[in-house]
Amino acid sequence: MLRLLTILALALISLKTGATPMPKNIDDAICMLDSLLDIRDRSANRKKASIDSIKITLKGKNQIPAETLEQLGDLYRRINLDSAISCYKKALAIIPDAKANRIRMKISALLPVKGMIHEAIAMREAIDHDSISEADAVLYYDSGFDLYQYIVAFYPEGAERDSYLAKSYSCNDSLLKYLPRESPHHKYHSAVKHFADKDYTATIASLSDAMGQLDFSDNLFARATNLMSQCYGTTGRKNETLFYLTLSAASDIAAGTKEATSLQNLSNELYDRGDVDRAYRYLMAALDNSIESGSGIRTLESARALPIIAKSFDLKDSQSHRLLIVLIGILSATIIACIALLAFNYRSRKKMQRLQTDLANSNATKDKYITQVLALCSSYVDQLEDFNRLAVRKIKAGQVQDFYEMAESGKILQSKTEKFLANFDEAFLSIYPGFVDKLNRLFLPDRQITPPSPKSLTPEIRILAFMRLGIDDCARIAKFLGLSVNTVYTYRNKLKSRAADRDNFETDIMKIGNFNLK
């Protein structure tokens with residue numbers, strides 16, 4: 001208790017002064033993170049207060065200057081992606097052409113987190129490299145590094161992932177030419193270069209120098225400690241890996257950052273070490289942050305990790321009764337937590353709508369994306385409730401072995417997959433209501449596709465739907481749809497053979513439902 005109070009006092013001081021005494025071991029680091037999680041709303045409120053103070057100065061003005069919109073976008077960047085992108089796009093609509101590239105760079109770096117990978121790449125590639133001023137060169141390569149790093153996180157090991165990783169390292173090398181040599185920013189990106197070259201000793205040295213110049217609540221400190229954790233993880237030093245990953249998560253919380261991965265990754269590490277209770281708490285906090293930030297991809301990633309924790313209890317056959325009871329408790333807690341998160345998110349959306357009214361009307365498509373993410377989360381809650389009821393019913397009836405055989409046979413997974421596909425069809429058609437009609441315009445007149453009903457899709461159309469959402473990898477599509485990779489390849493080739501313009505078929509798919517960013 002004394003240690004907890006001490007760490008909490010240090011954390012409170014750090015939020016006011018920006019200077020945090022570094023913990024000396026894993027226990028102290030985790031204790032500090034727990035304390036910061038308890039008061040995390042204070043950190044987020046500091047950024048919101050900065051936003052509110054700017055808005056107060058804008059009252060009564062007919063048009064908000066582009067520079068102010070850009071400033072608001074920068075403040076929103078780490079706490080709500082939709083608001084950040086909305087501000088940037090409004091600035092883009094009124095900013096002079098000579099300065100527009102800077103805004104495009106910032107937008108393109110955020111789009112991958114929304115799952116809009118192809119749109120992000122297209123926006124970046126549309127920027128004329130030769131027209132970039134020396135003043136904007138740092139932003140150009142820095143945003144490019146972030147963009148490709150985000151994309152790399154979405155791909156499994158393979159040639160396509162390696163291609164994007166190479167592009168991120170290329171941007172990193174170019175960025176080093178423009179950064180002041182003694183700046184922490186330069187030292188961080190020097191560490192990235194050393195890490196790419198597998199020179200881990202130099203990586204750790206550069207990161208240590210950079211961290212010594214940074215405040216604990218600086219986003220660059222969180223990134224540096226995250227890379228330090230990866231470096232130690234590569235060399236197999238597990239204690240150091242966990243220590244620096246904990247510091248990274250704590251730094252994100254202290255800074256009020258909502259769009260981050262350290263806390264979720266830390267949850268996975270603690271889960272692997274057997275600390276299930278704390279892993280669950282951190283995962284739920286990460287899910288809370290991803291929902292509030294508007295990052296649909298992060299939300300789904302966090303939600304998919306919940307069953308992994310629950311499954312761990314089911315693997316211990318010798319204690320099946322006791323473990324099933326624990327599983328039910330976890331599932332019940334998950335349902336309550338998800339309902340609470342949905343309620344919190346609803347209140348947050350109401351507050352955000354009032355703030356966005358002062359700026360202007362936001363993009364209608366953004367609201368649809370948020371609504372459908374919530375619908376998928378709600379569907380996941382319903383499925384957890386069904387699973388909970390089935391577990392309780394089987395246990396009360398003394399049918400534990402029967403329940404185990406059902407789970408092992410895959411019937412439960414098949415049922416939940418079918419429900420997921422039905423919800424996906426409804427969500428996708430809500431976002432792109434004319435998708436099937438526009439799709440048929442790309443096919444030859446005698447090769448049209450007719451879905452089974454206005455609210456459902458065929459497996460072939462679902463493949464094209466995932467492609468439209470920016471998921472082009474056949475392995476990932478196959479995993480989502482429960483198909484084999486060969487089946488997905490076959491379907492894609494058959495669909496392409498139907499097209500009037502086969503060479504540009506996949507490009508034409510990505511144009512369905514596009515709107516003018518300006």
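Structural remarks
- Filtered residues of the range 486-507 (kept if open to solvent by 60 Å² or more (accessible area, probe 1.4 Å), part of a helix (DSSP H, G or I) and more than 17 Å from Phe435 (Cβ to Cβ)): Asn486, Tyr489, Thr490, Asn493, Lys494, Lys496
- Hits in the range 10-30 - residues which are open to solvent by 20 Å² or more (accessible area, probe 1.4 Å) and either among the charged types (D, E, K, R) or at pLDDT 70 or above (or both): Lys16, Met22, Lys24, Asn25, Ile26, Asp27, Asp28
- Residues satisfying the stated conditions in the range 56-79, i.e. assigned to a helix (DSSP H, G or I), open to solvent by 20 Å² or more (accessible area, probe 1.4 Å) and closer than 24 Å to Lys114 by Cβ: Thr68, Gln71, Asp74, Leu75
- Qualifying residue in the range 391-413 (condition: under 30 Å from Tyr76 (Cα atoms), among the acidic types (Asp, Glu), in a helix (DSSP H, G or I) and at pLDDT below 75): no
- Picking from residues in the range 459-485 that are outside any helix (DSSP H, G or I) and in contact (Cβ under 8 Å) with a residue 24 or more places away in the chain, the one that is least open to solvent (accessible area, probe 1.4 Å) is Gly470.
- In summary, Asp97 fulfils each of the numbered conditions (1) in contact (Cβ under 8 Å) with a residue 24 or more places away in the chain; (2) of a type outside the set (A, V, I, L, M, F, W, C); (3) exposed (fewer than 13 other Cβ atoms within 10 Å of the Cβ) with the single exception of condition (1).
- Condition check for Glu182: within 21 Å of the chain's Cα centre (by Cα) and open to solvent by 60 Å² or more (accessible area, probe 1.4 Å): no
- Within the range 230-276, the set of residues being among the hydroxyl-bearing types (Ser, Thr, Tyr) and in a helix (DSSP H, G or I) comprises Tyr232, Thr234, Thr241, Tyr244, Thr246, Ser248, Ser251, Ser262, Ser267, Tyr271.
- Residue that is modelled with the highest pLDDT, among those in the range 508-518 that are in a loop (DSSP other than H, G, I, E, B) and surrounded by fewer than 17 Cβ atoms within 10 Å (Cβ to Cβ): Gly513
- Helices (runs of 4 or more DSSP H) lying entirely in the range 124-214 (those with 1 or more residues that are farther than 25 Å from Arg104 by Cα): 159-176, 184-196, 200-212
- Screening Ser83 on (1) in a helix (DSSP H, G or I); (2) out of contact with any helix residue (DSSP H, G or I) (no Cβ under 8 Å at 6 or more places or on another chain) shows it passes everything except condition (2).
- Scanning the range 192-219 for residues that are closer than 27 Å to Leu75 by Cα and open to solvent by less than 20 Å² (accessible area, probe 1.4 Å) gives Val192, Leu207, Ala210, Phe216.
- Residue tally, condition hydrophobic (A, V, I, L, M, F, W, C) and surrounded by fewer than 17 Cβ atoms within 10 Å (Cβ to Cβ), over the range 139-175: 4
- Residue in the range 127-142 that is among the acidic types (Asp, Glu) and within 19 Å of Arg77 (Cα to Cα) present: yes
- Residues being closer than 27 Å to Ala153 by Cα, open to solvent by less than 60 Å² (accessible area, probe 1.4 Å) and either touching a His at 6+ places or on another chain (Cβ under 8 Å) or assigned to a helix (DSSP H, G or I) (or both) are entirely absent from the range 435-458.
- A residue that is among the aliphatic types (A, V, I, L, M) and without any contact (Cβ under 8 Å) to a residue 24 or more places away in the chain can be found somewhere in the range 152-160.
- Flag for Leu495 being farther than 30 Å from Tyr88 by Cα and touching an Asp or Glu at 6+ places or on another chain (Cβ under 8 Å): yes
- Reported count of residues in the range 236-280, each being open to solvent by 30 Å² or more (accessible area, probe 1.4 Å) and touching a Ser or Thr at 6+ places or on another chain (Cβ under 6 Å), is 1.
The values are calculated or read from the model by the stated rules, or taken from the named source; none is laboratory data. Keep in mind that what you see is a predicted model, and the values were worked out from it rather than measured. Virtual Cβ from ideal backbone geometry, glycine too; neighbours counted across all protein chains shown. All accessible areas refer to the heavy atoms of the entire protein, side chains included, with ligands and DNA or RNA removed. Shrake-Rupley method; radii C 1.70, N 1.55, O 1.52, S 1.80 Å.
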